[in-house]
Structures are given as structure tokens and as C-alpha cells.
Amino acid sequence: MKGMILAAGKGTRVKPITHTIPKPMIPILGKPVMESMIELFVKHNINKIMVNTSHLSEVIEGYFRDGHHFNAQLSYSYEGEIIDGEFKSKTLGSAGGMQKIQQFSGFFDDTFVVVCGDAWIDLDLTKAIEHHKEKGGIATIVTKAVLTEDIHKYGIVVSNEHGLITNFQEKPTANEALSNQANTGIYIFEPAIFDFIPTEGEYDIGSELFPLLVEKNIPFYSVNMDFQWLDVGNITDIWDVTNDILNGKVNGYPIPGTQIKAGVWVGINTVVDFEHCNITPPVVISSGCHIKNGATIEGPTVISANCIVDSEAIIRNSLIYDYIHIRDFMLLDQKTVFDNYCIDRDGNSDCFAKMTKESVSSVMKDALSDLSTFTQSTTEK
């Protein structure tokens, strides 16, 4: 079968991380969320996959290439425009991106699946497709029941006793909601859907295409399924998802490294002496790290690849991404450290100066320079 992954968005709610990488490439325990989606597609025999890209498209395309190492065929549809001889990002919306592909090659010639590239799911796609074919509608939305207190976070799907969709509510309050079925951003379509999408320009699936189908009384359905759905819509979601995985609330998500004791996973080529460090699980320490004696790490915490944690540093309930040097006397409590930024749980960030890959690779150089300066100063005195 054929599928499509929506990966063109700018990820404004996940800034400043998306200054550097596009949202589908945000790693959860070292794995980009979009990689998990490709693996799910292939597991259910969806191995011809289109990906629409725009913001930082080269990062996505450079990582996944043609998809052969995932036993899939991948192709990309870039959304942008040429201004002064340079390509500039300009998205077409989820439905507009689908139509651009269809106008170019007629790629979608049978039942196909469309998903967002910023979530991890363990959905039985085969079962969902079977349900879609049984109903015979032009489209099917996979929904999931959400708690009353979470309804305001989602687009709500309203359907009758046969699953026929009759209405949509965009993030209603719990009192206003006519159901508790959230739109998960997982769609199954027939090629006839393109008759209802403009051939050019920006057009959205949720806010424009689906309301149009309701208005025109075109039969399409929802299917409520029980599955794990980890959405990384904002900075808080990234933390919540990681926290749930480390605390055993998510079944089947791979935790990298070797579990050397209860709740502690360590990668290869990592130096850490557990007898002389204060480590409270759950903690993941990835490959190539150096945790110096005396360092304090309290879980749930993830320290990604090639990081250095000095002896007097304290890290609590935090996510530390690749190539970060946590120096002596620094306290990180409920922070996400990414590139030059230290981000709190509400998404507020400050520049995290001198904590990039360059500072890690030059630690020894800095130390020698400090020693030289100290020696020169002492000699002069």
C-alpha cells in the first residue's frame, strides 16, 4: 500500500528546538518520531511513502534518504517558492500538500493512509484499513477517546451510532463537547478525495476538507480504536512522553543502551563510575558520555550522546541532548537543554552559552589554555 507522512510544518509550538531541526526529527530517547512512523507503516505493508517537506527539509531528506534501510521507498515533495534565486519555505497545508503530489504524478491511485510526522503510535493500521473498506466511505478518521479534562486540547469528532461523521468541534471546552473522540491525525482516504481539494494553493484537512465533506453530505467515518498515542505537539509533550516511557507507562517503546541495573540504561563508550556518582533512576546515559565522579543525576533524566557532566553538576528531571557540557556548580532542574538553549517546562528558554558541540570538543583545549594562563600569571607575580 501507499502512505503519506505530513512533515512540512514549522513547529512553532516547539521553538526554539525547531530553529535547528524540523519537528518530525525531534528525538524521543534518541529516535526521531518520524522514524517510528515509517517503521509502523512498513510493519503494516505500507512501503511506498511520500513525505511533504518544507521547513529544514534537508534535515529530513538527509536522514531518511530513499528509505531502503527501512525496507521502504521514500520520496519527498518540497513545498516552497523561489525568491531572489533561493528556495523559501511556504507550506500548502495538509490537504494542499496531498494535492500537489497527486497533480504531479497521480501517486495516490488506491486506498492510502496519511499520518502526521510528529507522533508515536502503536496502532493496528491493518485493522483500521479493514474497517475503512467495510464502511465504504471516501475517508476514515482514526479517533481515540480522551479524558474529559483533556478534551480542550484536541479537535473533537462527532459521529452517529454507525460511525458516520456529522460534525467537528475545534478544541471545545468539556461542557461544549459533543463527544470525547479526539482526531488523532491518522486518516485513510480513497483517491476520490481529490475531487474536493483545490488543485492549487493552501488547503487543510481538518479545518477545511472535512467540514466541506459534512456540508456536502459526503459519507465518511470515524473509527475509535484503543492504542498508545504519544503526541509531541509542544515542549511539555516531549517531556511528558519521555517521562511516561522511563516510568514504564508505555509498552513497546525501545529504550536505548543496556540496562545495567533497575531503571538505569547506559550506552557504549561511556565512562561513569556508579560507586562515585549519585544516580537515582530512571536514568538513560547514552553512548560516548563522560560522567565525572561526584556528579548528581536524578531521574527521570535522559543524557544523550557525547555529553560531559562535571563533578559538581546536579541534573534533576531533565532532558540533555547531544554534545552538551554541564559544568561544575550548574543545577538543571526540570529543564530541556538543546543546542544553545535551556528550556523550562513551559517552553521558556534562555541562551545556554558555551554548551554546544564545539565546547565539548574543545574541553581539553580550554583546560590547557587555563593552565597556561595560570602559569603565566603566577610567573609574572
>> What number comes out for accessible area per residue over the chain if the probe is 1.4 Å? Units Å², please.
In response: 48
> Counting only the backbone N, which residues of the stretch 3-34 are under 13 Å from the spot 7 Å out from the Cα of K88 toward its beta-carbon?
Replying inline: none
> Can you tell which of E208, E35, E275 shows the greatest fluctuation in a Gaussian network model of the chain with Cα springs below 10 Å?
Replying inline: E275
> Distance in nm between label sites at T166 and N293, each 7 Å beyond Cα in the beta-carbon direction?
Replying inline: 7.2
> About the Cα centre of the chain, what is the dipole size in debye to 20, counting +1 per Lys and Arg Cβ and -1 per Asp and Glu Cβ, all else neutral?
Replying inline: 440
> To the nearest 0.05, what FRET efficiency results for L212 and V59 with a Förster distance of 45 Å applied to their C-beta separation?
Replying inline: 0.85
>> My understanding is that a pair violates if its Cα-Cα distance is over 28 Å; which of K133/K153; K43/K144; K10/K216; K90/K127; K10/K135; K292/K335 do that in this structure?
In response: K133/K153; K10/K216; K90/K127; K10/K135
> Is the stretch 90-162 rounded, prolate or oblate when judged by the Cα gyration tensor, a ≥ b ≥ c being the square roots of its eigenvalues, rounded requiring a/c under 1.5 and prolate requiring a/b larger than b/c?
Replying inline: oblate
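Kindly identify the stretch 1-101 as rounded, prolate or oblate by the Cα gyration tensor criterion: order the square roots of the eigenvalues as a ≥ b ≥ c, call it rounded if a/c is under 1.5, otherwise compare a/b with b/c, prolate if a/b is larger, else oblate.
Because a/c hits 1.5 or more and a/b fails to exceed b/c, the stretch 1-101 counts as oblate.
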> So if we plug the beta-carbon distance of H19 and K127 into 1/(1 + (r/R0)^6) with R0 = 56 Å, what FRET efficiency do we get, rounded to 0.05?
Replying inline: 0.90
> How large is ³J(HN,Hα), in whole Hz, for each residue of the stretch 296-309 in order, when computed from phi with the Karplus curve 6.51 cos²θ - 1.76 cosθ + 1.60 and θ = phi - 60°, using x for Gly and Pro?
Replying inline: 10, 10, 10, x, x, 9, 10, 10, 7, 5, 6, 9, 10, 10
> In whole Å, what three semi-axes, largest first, describe the equivalent ellipsoid of the stretch 34-83 built from its Cα gyration tensor (square root of 5 times each eigenvalue)?
Replying inline: 22, 10, 9
> For N234 and D333 in the same chain, what is the full-extension length gain: residue separation times 0.36 nm, less their Cα-Cα distance, in nm?
Replying inline: 33.8 nm
> Expressed as a whole percentage, what fraction of the accessible surface of the chain belongs to carbon and sulfur atoms when a 1.4 Å probe is rolled over the protein heavy atoms?
Replying inline: 48
> Given the Cα-Cα distance of N247 and D226 and 0.36 nm per residue of separation, how much length would full extension add, in nm?
Replying inline: 5.5 nm
> The list (i) 25.2; (ii) 22.8; (iii) 22.2 gives values of Kirkwood radius over Cα pairs in Å, and only one came from this structure; which label was calculated from it?
Replying inline: (ii)
>> At 0.36 nm per residue, and after removing the present C-alpha to C-alpha distance, how many nm does the segment from T258 to D150 gain when stretched out fully?
In response: 35.4 nm
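The values are calculated or read from the model by the stated rules, or taken from the named source; none is laboratory data. Worth saying up front: this structure is predicted, and the values here are computed from it rather than measured. Here Cβ is always computed from backbone atoms with ideal geometry, including for glycine, and neighbour counts include all displayed protein chains. Just the protein is used for accessible areas: all its heavy atoms, side chains included, with ligands, DNA and RNA removed. Shrake-Rupley method; radii C 1.70, N 1.55, O 1.52, S 1.80 Å.
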